[in-house]
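Structure first, commentary second.
What follows is calculated from the coordinates using simple rules that are stated; it is not laboratory data. Bear in mind the structure is a predicted one, so any value in this text is a computation, not a measurement. When we count neighbours, we look across all protein chains shown, and the Cβ atoms used for this are built from the backbone with ideal geometry, even at glycine.
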Amino acid sequence: SGFETKSGNCMTFIGIGVERIECQTIGKHDHATVLKEGGAFTNCIINHIYELMCSGEEMLANQYFDVFLKELDKTLSLKKATVSLTKEEAFARKIKNYLDNNLLEKISIQSLADHFYCSPSSLFHTFKKIEGVTIIEYLQDKRLELAKHFLRTGNRNIADICIDVGFSSTQFFYSYFLKKEKVTPNEYRRLHKN
């Protein structure tokens with residue numbers, strides 16, 4: 001959004017946006033563009049309103065001031081949304097770090113919620129929103145990566161690898177592996193053995 005004034009041979013346009021503010025003064029023979037951010041933006045607007053007041057254009061100055069306040073309110077609302085998103089991202093990162101450090105442990109949504117002093121629902125929805133996968137999917141994918149490493153680098157029994165990396169059943173491990181990798185663990189080992 002923006003607004004403009006005409007004064008003599010010049011026209012001033014001030015566009016207000018979240019990422020940048022653009023002030024242009026276009027004269028008969030020249031054109032200049034100045035980008036303003038933060039305090040510089042506020043000064044640009046206030047100076048323009050002040051100039052209008054001094055030149056007797058109070059009604060126009062009041063209109064500018066109304067637009068300025070509305071845009072400022074929008075900007076502050078967007079910043080608040082960004083701050084809360086950042087808190088959610090930080091929370092999701094804490095959950096991921098905990099999961100990564102306790103990958104081989106038996107972890108449930110309830111035990112995580114107890115650890116982080118929050119409801120299971122809040123924990124589940126925040127993680128899914130930020131990471132795009134559920135906590136269980138994240139855990140299974142991390143465990144699968146670890147199992148793939150062991151399959152590539154060693155000769156251990158597949159059932160032992162399955163249990164060692166935290167899968168609760170060999171049958172589920174085989175079906176999950178096939179679903180994600182499109183090959184069985186045995187085929188994967190043959191194809192990727194170092």
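For the stretch 102-194, applying the loop criterion from DSSP together with a ceiling of 14 other beta carbons within 10 Å to the trypsin sites (Lys or Arg not before Pro) yields K106, R156, K182, K193.
In nm, to one decimal, how far is the modelled label at E58 from the one at K182, with both set 7 Å along Cα→Cβ? So the two model labels end up 7.5 nm from each other. So if R0 is 35 Å, what FRET efficiency would K94 and S169 give, r being the distance between their Cβ atoms, rounded to the nearest 0.05? E between K94 and S169, to the nearest 0.05, is 0.75. Lysine pair count for the stretch 103-194 (Cα-Cα distance under 24 Å; residues 8 or more apart in sequence or on different chains): 23. Cβ crowding within 10 Å, taken as a proxy for footprinting-reagent exposure, orders C162, C118 from fewest neighbours to most as C118, C162.
Could you tell me the calculated FRET efficiency between I109 and N157, based on Cβ-Cβ distance and R0 = 30 angstrom, to the nearest 0.05? The computed FRET efficiency comes out at 0.50.
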